[in-house]
Amino acid sequence: MKRYEQLAEEISHQIAARVLRVGDRLPSVRQASQAHRVSRGTVLRAYYALEDRGEIRTRPRSGYYVTPPRAAVPPRPLPTRPSTATRSVDVRDFVFEVLEAITARDTVPFGSAFPSPELFPLQKLASAMSSATRRLDPRDMVEHLPPGLPELRRQIARRYLQVGMSVDPDDIVITAGALEALNLSLRAVAGPGDVIAIECPSFYAALDAIERYGMKAVEVPTDPSDGVNLGALADALKKHKVKACWLMTNFQNPVGSSIPEDRKRDLIELLASHEVPLIEDDVYADLYFGENPPKPAKAFDKRGLVLHCGSFSKCLAPGYRIGWTYAGRYARKLDREKLMTTITTSIPTQAAIAQYLGRGGYDHHLRTLRRTLEESQEHMRQRIVRDFPQGTRLSRPEGGYFLWVELPPHYDAVAIYRAALEQKITMLPGPVFSPQRKFTNFLRLNYGMKWTSALDDAMAALGKIVSESRA
Ligand SMILES: Cc1ncc(COP(=O)(O)O)c(C=O)c1O
């Protein structure tokens, strides 16, 4: 056996004996070469061999990490098959009941919509807030109406350059989080009685908005790996007088899918051929695990039909409530909707985020956050593989912080949710993502936290609750 093969075997044994666990970082090539008294080339060949066998994987500029055993990687959930009829929506009471229960502080937050607050640079934001408000011209406090503070819009426009998009800051409208951006966008393009095409399953707030504004939804199947099914969307556009689409193109909530770039282009062509605007909900875009940021569908929009909605709530400043729509030709319409709803977005918080972005350091924060999320996903996946019933299917998102878990049929997600809550463990049961309360055997789990042994124990307890719930 060559020296590098021996070294690969030694490391493999450590992984099998769980001395090195899933998500652990291997020593750097330099450290390993010193520790084993071999050349760096030998270490690299050993690492490459382990990588080929799927036991470790590299992360650019970060190192080599232990991955879950290949045999243990469960299949993804199956694509959905919703009915093609339009329907009015009624999800509210159940969603509110669940959302209220999962925010208690003494619970394990697998049901939360946010990553753990300790992953955010709250001190730096506080300092930006303090210096920005001291510098504000008093007239800024009363003069700034929609679309929002010019400096913040400029900073957001600059961030679009990272995906090769050149954006005019005047086309951006600042809102109180993405949820307001989405609601204003929906009102700008549709009214009561109109049909909106949505994904199945869908983010519960999209369902709620459609219900509140007296619109109707047509559900389009969404594949857990590559997003909305374009054939089914084309059929829906032919069959119904669809007024707008509301889709998540990157790291869909809850299934975690992302639409590949060429299909984003096809999606935009399809919608343009029907003159149907797209409300693109892209709040998780900055939380990608790959080398490059995913492009939004808006990047391929030549006709100005896409209202691209983003937010800092998930990746920088939850609670600050700053989001935006890059609304293009709809921008002035959105200004009016905004003015008549909440007048303007809080000026001090806009100024604080603009100040933070202007100081630099945001990309560094994002890199650290993404790494934490990717590691935690691996830990959570591993527990599911170990502790959940045979036949469980699991999404494999390449960004964001949700896993979509399909239990075998006959498992009741709502019963599991209630039993887990008694043990102070939260999660979201599948039916909150469906106007017909489908997905009765699905759970959405949040892994957006720094992994600890307490979280590992909570996942083991959840696995027990799930397994026993069948009895
Ligand atoms: C898919 C999706 N869109 C929008 C939002 C709302 O974002 P914000 O907190 O910025 O309003 C959320 C938050 O849960 C979400 O999951």
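The values are calculated or read from the model by the stated rules, or taken from the named source; none is laboratory data. All figures in this text were calculated on a predicted structure; none of them were measured in a lab. Every residue, glycine as well, gets a Cβ built from its backbone with ideal geometry; the counts of neighbours run over all protein chains shown.
If you scan the stretch 306-322, which residues turn out to be within 20 Å of residue 334 (Cα to Cα) and surrounded by fewer than 23 Cβ atoms within 10 Å (Cβ to Cβ)?
321
Restricting attention to the stretch 101-118, and to residues there that are assigned to a helix (DSSP H, G or I) and away from the ligand (no atom under 15 Å from the Cβ), which single residue is farthest from residue 286 (Cα to Cα)?
Within the stretch 101-118, the match that is farthest from residue 286 (Cα to Cα) is 101.
Any idea which residue in the stretch 410-452 is surrounded by the most Cβ atoms within 10 Å (Cβ to Cβ), counting only those that are in a loop (DSSP other than H, G, I, E, B) and of a type in the set (D, E, K, R)?
Per the criteria, the residue is 438.
Out of the residues in the stretch 148-172 meeting the condition of being within 16 Å of the ligand (Cβ to nearest atom) and in a helix (DSSP H, G or I), tell me which one is surrounded by the most Cβ atoms within 10 Å (Cβ to Cβ).
152
Identify, please: which residue in the stretch 271-302 is touching a Leu at 6+ places or on another chain (Cβ under 9 Å) and over 18 Å from residue 199 (Cβ atoms) and is, among those, surrounded by the fewest Cβ atoms within 10 Å (Cβ to Cβ)?
That would be 275.
Quick one: which helices (runs of 4 or more DSSP H) lie wholly within the stretch 173-273 and hold at least 2 residues that are within 14 Å of the ligand (Cβ to nearest atom) and modelled with pLDDT of 95 or more?
Ranges flagged: 177-189.
Could you please find all residues in the stretch 45-56 being out of contact with any strand residue (DSSP E or B) (no Cβ under 8 Å at 6 or more places or on another chain) and either without any contact (Cβ under 8 Å) to a residue 24 or more places away in the chain or part of a loop (DSSP other than H, G, I, E, B) (or both)?
Across the stretch 45-56, the qualifying residues are 48, 52, 53, 54.
Can you find even one residue in the stretch 337-349 that is closer than 21 Å to residue 124 by Cα, without any contact (Cβ under 8 Å) to a residue 60 or more places away in the chain and of a type outside the set (Asp, Glu)?
no
For the stretch 433-471, what are the residues that are among the charged types (D, E, K, R) and closer than 24 Å to residue 315 by Cα?
Result: 444, 450, 456.
Of everything in the stretch 285-331, what is modelled with pLDDT of 95 or more, farther than 26 Å from residue 118 by Cα and among the hydrophobic types (A, V, I, L, M, F, W, C)? Give them in sequence order.
Listed by number, the residues that qualify are 297, 299, 300, 305, 306, 307.
Mind listing just one residue for me: the one in the stretch 25-44 that is of a type in the set (S, T, N, Q) and part of a helix (DSSP H, G or I) and, of those, surrounded by the most Cβ atoms within 10 Å (Cβ to Cβ)?
42
When you scan the stretch 292-303, do you find a residue that is more than 11 Å from the ligand (Cβ to nearest atom), acidic (Asp, Glu), out of contact with any Cys (no Cβ under 6 Å at 6 or more places or on another chain) and part of a loop (DSSP other than H, G, I, E, B), even just one?
yes
Go through (1) closer than 26 Å to residue 222 by Cβ; (2) modelled with pLDDT of 95 or more one by one and return the number of the condition residue 461 breaks.
Unmet condition: (1).
Only one residue in 366, 403, 455, 407 is of a type in the set (A, V, I, L, M), more than 26 Å from residue 104 (Cβ to Cβ), buried (at least 16 other Cβ atoms within 10 Å of the Cβ) and modelled with pLDDT of 95 or more, so which one is that?
Every option except 366 fails the conditions.
If only one of 341, 345 is more than 23 Å from residue 449 (Cα to Cα) and buried (at least 23 other Cβ atoms within 10 Å of the Cβ), which one is it?
Unique residue meeting the criteria: 345.
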